1. Which order do you get for B:F99, B:F208 if you rank them by accessible area with a 1.4 Å probe, largest at the top?
2. Output ³J(HN,Hα) for region B:147-152: one whole-Hz value per residue in order, computed from phi by the Karplus curve 6.51 cos²θ - 1.76 cosθ + 1.60 with θ = phi - 60°, and x for Gly and Pro.
3. Starting from the residue with the highest accessible area, list A:D126, A:D118 in decreasing order, probe 1.4 Å.
4. Between B:M105 and A:H139, how many nm apart are label points set 7 Å from Cα along the C-beta direction?
5. How far apart, in nanometres, would the label points at A:K122 and B:S15 be if each is projected 7 angstrom from Cα along the Cα-to-Cβ direction?
6. Taking chain B as a Gaussian network, Cα atoms linked when under 10 Å apart, which of B:L213, B:L268, B:L240 shows the biggest mean-square fluctuation?
7. Of all DSSP beta bridges located in the protein assembly as shown, what percent are antiparallel, nearest 5?
8. Relative to the Cα centre, what is the charge dipole magnitude of chain A, using +1 at the beta carbon of each Lys and Arg, -1 at the beta carbon of each Asp and Glu, and rounding to the nearest 20 debye?
Amino acid sequence: MSMISVENLDVWFGRGRDRVDAVKGASFAVKRGESFGLVGESGSGKSTILRAIMGLAPDWSGQITVDGKAISGRREKGFYKQVQMVFQDPYASLHPRHSVDQVLGETLLLHGFTDIDDRVVKLLDDVGLGGKFRFRYPHQLSGGQRQRVAIARALAAEPEILLLDEPTSALDVSVQAEILNLLADLRVEHGLTYVMVSHDLSVVGHMCDQLAVMKDGEIVEIMAVDALRAMKAVHPYSQHLLEASV
Amino acid sequence: MTLLDVENLWVKFPSRHGVFDAVRGVSFTLGKERLGIVGESGSGKSLTGRAILKLIRPPGIMTADRISLEGDDLMPKSERDMQAVRGQRISMVMQDPKFSLNPVMTIGEQIMEAYQLHNAVGKKAAFAKAVEMLEAVSIRDAPRVMRAYPHEMSGGMGQRIMIAMMLIPNPQILIADEPTSALDVSVQRQVLDIMDNLVKERGMGLIFISHDLNLVADFCDRVLIMYAGRIVEVCDADKLREAKHPYTQGLLNSLPRLDEPCARLQVLKRDPAWSEAPSVSGRI
């Protein structure tokens, strides 16, 4: 059974003649423990799909199912214990005046944990930061360390699904390798399911089992990573994208 | 022929904890070629580009034994004299068109302003020249684009407009600081091809600053690899994959590759000796 499935998803912004259809009739399914990639150019609607799943894009129609339960309207509290998101830019997604301890502590409190002190230490260990980073502020951390904090924050709720929105595009290649390794390890340790958005085909090829290629709000092709490696794209747009990135 | 000759360039920033050296004694020359500068963020590559135009603002300090543009030393020049160099003889394209175009001026006004600042011509001639330049960077329907504002343009168009604006005074050297990292892969190629053609046709020198090793290996003739404010290696771009320095190798190995899948990516192990070693000269 699939962990996340999206069927015939439409997402739009604005109304009347200002209406923009950001996602049109997208359907895909991700099995438990699998990692699924969404690739496409900027403006193709790949991040919007993640935002619609999280409830950050209010106007959508179609069906989103998480672990067998259909989602509609306002998300229940339990939903956010199951699904968490890591955003693109670690420079923008952490509060500049909250220390790492505050960021993680507050998240844990909101999720109803009581043994906050132990959990903060464990989370920092999990993402490879260690205790000495606990009382630092975001400006005292490098880009890679910040993204580790953002990942720790997402793991705080002990979710089963992580939605990753371009988790490494703001980072250097050497730091990107560290973060991708960390994400791969965490997936195995915690049995996580990933949906990952990226514009970089080689990153998706490294991380994912299956991927969907998007263009102008529509999914033009869903293929396995082996087909991608063998350069066996069917749709002309995915072929074009593949040529441009090799 | 040597267009630009930089010797022993330093950029320093005084701070509460002593002076921070961002660029430490970099030397290189540029002929009519495409010279790539690669490195991670904080390696000093962008500051090197800015320092050539003497665009380091106080409290930053820059020193160099020599920055000579066709035999003409820029170091003793005053701010006023530098105005005649910037744009006119050396131009710079910045990373993100969103932040480098004026949002409240039409694109036409901005390009014409750039042209009229350096040439004593009337509005009509400037307009014709601007349209011609926009067409040279493959923008269709140039007269319409001239009337448009920057927010109406896509990222790729914005970057091509920036390139048109920088090339209109016909400079000898173009410094491109991450000109394509804000763009999608498919648009990236297009912008690079346009830049490549213009540089070839006009016989310009190009300094291409980027963090993307594959792109630089494809696009440039010669590459300087910077680490912690110094040049650690100089090599021909097509031989970048055979680079010898462990830092360059580490960077190349940390890239995921479609054709060679692996379970774990290699992580760069930094050796303190790399930043201690003296800078390699990029002079020919």
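1. I get B:F99, B:F208, largest accessible area first.
2. Couplings: 7, 7, 9, x, 5, 7 Hz.
3. A:D118, A:D126
4. 3.2 nm
5. With each label point 7 Å from Cα toward Cβ, the separation is 3.6 nm.
6. Among B:L213, B:L268, B:L240, the largest GNM mean-square fluctuation belongs to B:L268.
7. Around 55 percent of the beta bridges assigned by DSSP in the protein assembly as shown are antiparallel ones.
8. In debye, rounded to 20, chain A gives about 500.
The values are calculated or read from the model by the stated rules, or taken from the named source; none is laboratory data. Predicted model only: the values in this text are computed from it and were never measured. Virtual Cβ from ideal backbone geometry, glycine too; neighbours counted across all protein chains shown. The protein model used for the area step is the full one, side chains on, heavy atoms only, and it has no ligands, DNA or RNA in it. Shrake-Rupley method; radii C 1.70, N 1.55, O 1.52, S 1.80 Å.
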